[in-house]
Structure formats: C-alpha cells, structure tokens
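The values are calculated or read from the model by the stated rules, or taken from the named source; none is laboratory data. Values in this document were obtained by computation on a predicted structure and should not be read as measured data. All Cβ positions, glycine included, derive from the backbone under ideal geometry; neighbour counts span all protein chains shown. Only protein heavy atoms, including side chains, enter the accessible area calculation; ligands, DNA and RNA are left aside. Shrake-Rupley method; radii C 1.70, N 1.55, O 1.52, S 1.80 Å.
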Amino acid sequence: MARLFPIILLIMLPLLALGGVLAMMVSGRMSHEGAQAGQSFVPVLRFTLPSTDEPVGLPRVDGPPDASRPLVVIDPGHGGFDPGAGKGALREKTVALNIARALRDHLVRSGGIRVAMTRDSDRFIALRDRPEIARRMGADLFVSIHADSAESDLARGASVYVLSQKGTGEAAERFASSARETGRSEGGRVNGIVLADTDDMVGAILLDLSQRSTQSDSTALAQLVLRELSDDKVPLHRENAETAALAVLKAPDIPSILFETGYINNEQDAELLGSRKGQERLGAAAARAIRAFFARKLGA
C-alpha cells in the first residue's frame, strides 16, 4: 500500500491545489490589489513521501511448519492498477491469481512443500520486488504466472520461459553492483555468501557457478512443466523452454520460470484460462512438475 501512495497523490494533487487556492481566497490571503495587477498566486503544497526503497512486506508461508522443507514462491503477474493483457471481461491479473491459488492449493494438499505467494489479492507489486521477495525468504523455486497475448488471435498454447544468456549477464552485473554499493546487506548475498566479503575475482566465480546451477535447474523445471501440460493435453505454443531477459527471472541463486498459461486473446485458450476447471488443470500440471523436480533433486 505504501508504494501506491505516490500514485494516489498524483491523482489528488490537482484537487488539493484547487482547494488550497479557494481556501486562501476565502481567507483573504490573495489581495484584491494583487489580483487587479494581474499577479498570479501559485500555492505550494509540501508532503513527506514514503521512501521507494522501503522493502515490500513478506507474505505468509503455507504448508508444513518445518523450515527444512522446500519453499516455492508463486508470483501471480500484474495486479491492482496493472491489469495486464485482456479480452472482454477477462483480465490477465485475475487469471494469473486464480491459477496461482490453484497451484498453491495443490502443493499444500499434497504435503511436504511450503508455499508463499507474492500477492494473494488484487494489488500491485513492482517487478523488481517480486524475485526479491523470493530471495529474502530463501526460496528454493520461483514461479511467475502470466497469460500471453498477440496481435493475431490465431496464436495459442502455453509457454515456459527461463532467463536468457543476455539476462544472465545483466543479472550478474546488477548483483555485482549491489554488492559493491550495499556491502554486507542482503543485496549482495548469493547462496548465503556475502559477495562484499570476497575479492572481485572470487565473487565473480561464485556468482557464475551459482548462475550456471540455477539456469540448469530452471530449464529442468521448465521442461517438466511442459511435459505435464502435454500429458494433460493442454495445448503448447512451444514444446521446449524459451528464453528471455525478463526482470522477474533475474535472481541468480533461485531456479525461476515464467509460466505463460495461454493466449488470452485466443478463443480456445480464453475458455481454458477463464474457467475454474481450466485454472485447476493448469495449476495441477504445474504442481506435478514441481513435485517431480524436487523428487529428482532429492534423489540425485
């Protein structure tokens, strides 16, 4: 809510300014002589805005109370004043939230996995805060859920994205810069190691090793999601994981995927995305993939 305050002020500022002028006119602070001389009066309103650097609050964790159990952070895309893609009454922010809830519920019911959601209501969260929530919570997986859109209504099917090589380089530079600027804070920590405690060469090696492992796990999870979707006869836009330099995928030490659940402007996909049954299917497929991912990791 604190991050919405500056936006609300931008909407209210003209009304506040007008109110200030009227109040001063009534109280006689604008002199008759000044008005006759054509002088204008501009009221100055001063406010103390909340800091944009204030970290967003952490969500609750559902599932077993055992902190040794894997933690999955689910990120429903968009929200609040940002509806995302849409067609008619169907909005991406609502679709993403409903599928995220279905995924969470399937994981919690199956047991053994802890789950948190970056948002569980219709509210806006900045892009940079979404993966940062997962990092601050020490998550083992980060799954961002969206719905796609295209100029043509013929495009259809689900896709899964992982971070591209370009995005990996950008993330490395951002975390190296964060380590230099924040010293021993969480901003420069990767896999529990504070990069500021190492020299530049060692820090670069640690970061590269972390990113290689994370990228491998991200791709493995993406392929498992695609496999489960295919087995459940959910149409796919691509049979293999795609890559992109997306902001929500740039945590270097957490396997992360972006799950595009279908094309919201395609009639067949919209029917799947907008129905409770379709949302449950998509959430269940992703849950099976996540459980298979952890089963493989524990069996390795």
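Of the residues that make up the stretch 258-268, is at least one more than 18 Å from residue 163 (Cα to Cα) and part of a helix (DSSP H, G or I)? So that I can check it myself, show each step before the final result.
Start the filter on the stretch 258-268 by keeping residues that are more than 18 Å from residue 163 (Cα to Cα), which leaves 262-268.
Then keep just the ones that are part of a helix (DSSP H, G or I); that gives 267-268.
Yes: the stretch 258-268 contains one or more residues that are more than 18 Å from residue 163 (Cα to Cα) and part of a helix (DSSP H, G or I).
Rundown of residues vs (1) surrounded by fewer than 17 Cβ atoms within 10 Å (Cβ to Cβ); (2) over 22 Å from residue 156 (Cα atoms); (3) among the acidic types (Asp, Glu), yes/no style:
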{"site": "238", "(1), (2), (3)": "yes, no, no"}
{"site": "254", "(1), (2), (3)": "no, yes, no"}
{"site": "258", "(1), (2), (3)": "no, no, no"}
{"site": "267", "(1), (2), (3)": "yes, no, yes"}
{"site": "282", "(1), (2), (3)": "no, no, no"}
{"site": "290", "(1), (2), (3)": "no, yes, no"}
{"site": "296", "(1), (2), (3)": "yes, yes, no"}
Would you tally the residues in the stretch 249-268 being touching a His at 6+ places or on another chain (Cβ under 9 Å) and on the phi < 0 side of the Ramachandran plot?
-> 5
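Which fully enclosed strands (runs of 3 or more DSSP E) of the stretch 76-171 have 3 or more residues being crowded, with 23+ Cβ neighbours inside 10 Å?
Numbers: elements: 114-117, 141-148, 159-163.
Per the criteria, 141-148, 159-163.
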Flagged in the stretch 110-159 as over 14 Å from the mean Cα position of the chain (by Cα), more than 28 Å from residue 68 (Cα to Cα) and among the hydrophobic types (A, V, I, L, M, F, W, C), in numbering order, are 150, 154, 155, 158
Residue satisfying all of: in the stretch 29-46; loosely packed, with under 10 Cβ neighbours inside 10 Å and either of a type outside the set (Gly, Ala, Ser) or modelled with pLDDT of 95 or more (or both); nearest to residue 94 (Cα to Cα) among these = 46
What number goes with the only condition from (1) on the phi > 0 side of the Ramachandran plot; (2) surrounded by fewer than 21 Cβ atoms within 10 Å (Cβ to Cβ) that residue 220 does not pass?
-> (1)
Exactly one condition in (1) in contact with a helix residue (DSSP H, G or I) (Cβ under 7 Å, 6 or more places away or on another chain); (2) of a type in the set (Gly, Ala, Ser); (3) in contact (Cβ under 8 Å) with a residue 12 or more places away in the chain; (4) buried (at least 20 other Cβ atoms within 10 Å of the Cβ) is not met by residue 278; state its number.
-> (3)
Among all residue pairs at least 6 apart or on different chains, which show Cβ distances below 6 Å where the first residue, located in the stretch 224-243, is more than 17 Å from residue 291 (Cα to Cα) and the second is assigned to a loop (DSSP other than H, G, I, E, B) and open to solvent by 50 Å² or more (accessible area, probe 1.4 Å)?
-> 235/156
